[in-house]
Amino acid sequence: MDPKVLKKLPPTLAGFLRRHSAASIEGGAAAANLFKCVKNKETGCWKDPIYSLRRQAVLRKEAERYGFSEWLPTRKDSKRAPMNGISRWKGTLDERTRAQRIARIQKALEEQPQKIAVWKAEKKKKLSEKDIFIS
């Protein structure tokens, strides 16, 4: 790696590239295991990754910002499996039931004048019955 390029980079990214750029370029086992836990074959114990998740995130952000993201090992979430079947957004409950709701409201609005007429007739009848008992 060119020292002039490394001087322009942030210290964390420059240090990472200085130490591990050869392994990253070759894509060897060392590059793949920098960010992963490694199992010791003799003892069966797991060794923590060289870079913690927090430090991995910082390195990844800086590498993406300065154009060195392809030098880092691939992220686990960057390889998404393709979706099977119909991929359509199901929408919210409001969006799914909008047509039925609008139809129900329209029907109620059409019946509204008859309902008002019935209500007024009943109200008039009740008022006339009250007048009989008062006098």
### Task
Excluding residues on the same chain fewer than 8 positions from Lys107, give the lysines whose Cα lies under 18 Å from its Cα.
Lys115
### Task
Could you pull out every one of the aspartates and glutamates with an alpha carbon less than 14 Å from that of Lys130, ignoring same-chain neighbours closer than 8 positions?
Glu122
### Task
Mind scanning Lys8/Lys39; Lys8/Lys61; Lys36/Lys61; Lys7/Lys61 and naming the pairs with a C-alpha gap bigger than 25 Å?
Lys8/Lys39
### Task
With a Förster radius of 41 Å, plug the Cβ-Cβ distance of Lys36 and Ala103 into 1/(1 + (r/R0)^6) and report the FRET value to the nearest 0.05.
0.15
### Task
Could you grab the Rg to Rh ratio for region 32-128? Cα atoms only, Kirkwood for Rh.
1.57
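Computed from the coordinates by the stated procedures, all read-outs in this text should not be read as laboratory data. What you see is a predicted model, and the numbers here were worked out from it, not measured in a lab. Here the Cβ is made from the backbone with ideal geometry for all residues, glycine too, and neighbour counts use every protein chain on show.
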